[in-house]
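Comments concern the structure below.
The values are calculated or read from the model by the stated rules, or taken from the named source; none is laboratory data. Quick caveat, the model's predicted, so the values are computed rather than measured. No Cβ is skipped: glycine too gets one built from the backbone with ideal geometry, and neighbour counts run over all protein chains shown. These area figures cover heavy atoms from the full protein model, side chains too; ligands, DNA and RNA do not enter into them. Shrake-Rupley method; radii C 1.70, N 1.55, O 1.52, S 1.80 Å.
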Amino acid sequence: MTRIKGGPRTRRRHKEVINLMKGQWGSRHKLFRRAQESLLHSWQYAYEHRRERKGDFRRLWITRINAAARQNDITYGNLIHGLKLANVAVDRKMLADLAVRDPQAFARIAEAAKEALAAE
């Protein structure tokens, strides 16, 4: 059986993969097979970590809200429960932003949560 050479199309595909792997260490940016392996793994990691990042940010927001809530003499769990009772629809991202940028507004929200908890 005769050997089939790839020709221009294969060279173009190989060059594309090699160029995508610029900056990698060792043979990962020089040899096609190693580069292709590395590229597939890096895409997989990127896909997984894009989803993981959402949880990371949520954990960060909760930590910031908890710290600010405790400065206002209420725990995170009680704050969230009080906000639900008071029908205050502010998500964790916005609460964390308020806690960092506008502590007075966060204190007013915490007071609303405390009042709703006391009325329960």
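Yes or no, residue by residue, for (1) out of contact with any Ser or Thr (no Cβ under 7 Å at 6 or more places or on another chain); (2) at pLDDT 95 or above; (3) farther than 30 Å from residue 18 by Cβ:
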site: 46; (1), (2), (3): yes, yes, no
site: 55; (1), (2), (3): yes, yes, yes
site: 58; (1), (2), (3): yes, yes, yes
site: 62; (1), (2), (3): yes, yes, yes
site: 65; (1), (2), (3): yes, yes, yes
site: 73; (1), (2), (3): yes, no, yes
site: 77; (1), (2), (3): yes, no, yes
site: 90; (1), (2), (3): yes, no, yes
site: 99; (1), (2), (3): yes, no, yes
When (1) open to solvent by less than 40 Å² (accessible area, probe 1.4 Å); (2) under 30 Å from residue 29 (Cβ atoms) are applied to residue 42, the one that fails is (1)
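Taking into account only those residues within the range 1-31 that are within 23 Å of residue 41 (Cβ to Cβ) and of a type in the set (Ser, Thr, Tyr), which is nearest to the chain's Cα centre (by Cα)?
Residue satisfying both the conditions and the ranking: 27.
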Here the residues within the range 1-39 that are open to solvent by 100 Å² or more (accessible area, probe 1.4 Å) and either of a type in the set (Phe, Trp, Tyr) or not in a helix (DSSP H, G or I) (or both) are 1, 2, 3, 4, 5, 22, 25, 30
Only one of (1) open to solvent by 60 Å² or more (accessible area, probe 1.4 Å); (2) under 28 Å from residue 120 (Cα atoms); (3) in a helix (DSSP H, G or I) does not apply to residue 99, and that is (1)
